[in-house]
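Throughout, read-outs are computed from the coordinates displayed, never taken from laboratory work. Keep in mind the model is a prediction, meaning the values are calculated, not measured. Note that each Cβ is placed from the backbone with ideal geometry, even for glycine, and that neighbours are counted across all protein chains shown.
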Amino acid sequence: MDWDQNDMRSRFCHALSDMYKSEVPLYRDLIDVVWEADGKAIQDNQTNGSPKLINPDDVLPLRHRVERHGAIRLGTAHELATIRRMFAVMGMYPVGYYDLSLAGFPMHATAFRPKTQEALDKNPFRVFTTVLRMELLTEKTRALAQKALEQRIIFTPRLMGLLDIAESQGYLTPEQCTDFITNGLETFRWHSKATVTHDEYHQLKAEHPLIADIVSFPSSHINHLTPRTIDIDFVQQLMLDHGMPAKERIEGPPKRTCPILLRQTSFKALEETVYFRDLSGSYVKGSHTARFGEVEQRGYALTREGRQLYDQILDRVNVDSVKMGLNGSDYDKLLEDHFKEFPDSLSKLHDLKLAYFSYRLTSLGEQLAHEVMLKGEVSIQDLLAKGILSYEPLTYEDFLPLSAGGIFNSNLGSISLSKDLIRSADPDLDGFQRFLGTYVADEFHLYAEMQQVSLELCRQTLGLRSI
Ligand code: OOG
Ligand code: NI
């Protein structure tokens, strides 16, 4: 069988990147900047012999040039359920639920991504996928949004046919794979002709710019792609040096010795010419701001306890910064101060169970395994202390709702008529899963499973009853 989901994902990711580079040339420049920053970070690391931890995976240039994520915004249950089918063909599944009402947006989201270590290693491409929550719109806007969304079809007929084939026959032929990629791109392509009138656009935008972006166009255009870097502070600096319209600050945790979760920055969305329908059937010229380029630096995946500590600290930073009226670099200083509380060494993150790890046998461990010296029950701590086991942190493969909010805000402005209504909303995982037609996987569970699998392999090789 020629159909390989990992290969499809890589091909789609490349095709999408090429399309986006031609649609948004500044994105091409951003990739060059990331390449420059990473090259320099690797060089510094080698010449200084610095003890800074660099994941070897991150320094392999070829793999590193592959984009890591994109984002789309959808309007209806049918769109979300069909996108789920489309991503499944490429081995991408819904992981995690993100309640964006927390950040004042009438939306919730998931990330479609590979779930196993093997698939992530082949190509970790993921798509943050947002859906509008109609119940959080005012009545008038809701009616307008529903009318516009009912009239659009964001999937080509050929793509729908290929989804049926993939699901019923369990694979696609090489020709069908190529067709799938070509047709799949159409869902994400930019269209400068809006499906609404200028007045309707303004009404949607006045309630929230994101509603206008989701509802006014005939496709669900990719709104950004995000390469990964190993030195996001340097990328931010280089963007400013190159006169790129960089976002004011980097989202997420501060710079640390042991990077955790995810740090992100972007160049701000460009103002683009758009043509709105008018009632006589012709078009009037206007503009829209939506598409940007982003950069991410990924750190370690945190356990629930680690994440709780992260959320608590961030919450305090946000409350204090509002009280003191701090933003920009003053906010960053406060963030750094508060985050001193978060342990910053591998051994502490491990021993306090704040992060997830992958275990493996040291060369001593391998030797002992062959000599069959170990039998019975031994604790992880024992095996580590004896130099039999070692560990390395698992990479965080997911997103952060408040950081996503910061990215949204920088790119679209955050005026919202119904903000109080939105902020007081409850998360609606059930409603999201109903739209999706399936469950979203719990990201903590996936990391815990990876950790457990690595430990189990060590246990088997050592011939132990349990660890
Ligand atoms: C999604 C923003 C979220 C991220 O990197 O946190 C995101 C959007 O702008 O639609 O992609
Ligand atoms: Ni993003």
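Worth pointing out:
- Our summary of shape: the Cα atoms of the chain have principal axis extents of 85, 61, 43 Å, ordered from largest down, in whole angstrom.
- Net charge dipole size for region 169-212 [Lys, Arg +1 and Asp, Glu -1 on Cβ; Debye, nearest 20]: 120 debye
- Cα-Cα over 23 Å, subset of LYS255/LYS386; LYS21/LYS247; LYS140/LYS205; LYS115/LYS247; LYS21/LYS193: LYS255/LYS386; LYS115/LYS247
- Projecting the Cα atoms of PRO253, PHE342, TYR275 onto the charge dipole of region 252-344 (Cβ charges, centred on the Cα centre) puts TYR275 farthest toward the positive pole.
- By definition, a body whose alpha carbon gyration tensor gives a ≥ b ≥ c is oblate when a/c is 1.5 or more and a/b is not larger than b/c, and region 285-337 fits this oblate description.
- Sites ARG28 and GLN433 - FRET efficiency at Förster radius 45 Å, r taken between beta-carbons, to 0.05: 0.75
- Loop-located chymotrypsin sites (Phe, Trp or Tyr not before Pro) across region 381-467 with a Cβ neighbour count of 12 or fewer within 10 Å are TYR439, with loop assigned by DSSP.
- Length-normalised contact order for region 220-338 - Cα pairs under 8 Å, 6+ apart - percent: 28 percent
- For the chain: relative contact order, % (alpha-carbon pairs under 8 angstrom, 6 or more apart): 20 percent
- Share of alpha-carbon pairs per 10 Å distance bin for region 85-180, given as whole %: 14, 30, 34, 18, 4
- Span-like helix ranges in the chain, DSSP H, alpha carbon extent 20 angstrom or more, Kyte mean at least -1.0: 25-48, 174-188, 304-324, 443-462
- The mean sequence separation of alpha-carbon pairs under 8 Å and at least six residues apart, normalised by the residue count of region 143-299, gives a relative contact order of 23 percent.
- Zone of GLU175's modelled label, taken as backbone nitrogen in region 1-23 under 17 Å from a point 7 Å along Cα→Cβ: 2-3
- Overall, the chain carries a charge dipole of about 320 debye about its Cα centre when +1 sits on the Cβ of Lys and Arg and -1 on the Cβ of Asp and Glu, all other atoms neutral.
- Taking one quarter of the surface of the convex hull spanned by the alpha-carbon atoms of region 377-461 gives a direction-averaged projected area of 9.9 nm².
- Length gained when the stretch SER329-VAL284 is fully extended (0.36 nm per residue, less Cα-Cα span): 12.0 nm
- Sum of side-chain charges, VAL235 neighbourhood, beta-carbon under 9 Å (Lys, Arg +1; Asp, Glu -1): -4
- Eigen-decomposition of the gyration tensor built on the alpha-carbon atoms of region 125-233 gives equivalent ellipsoid semi-axes of 30, 21, 13 angstrom, largest listed first.
- About the centre of its Cα atoms, region 134-242 shows a dipole size close to 300 debye [charges on the beta carbon of Lys, Arg (+1) and Asp, Glu (-1) only; nearest 20 debye].
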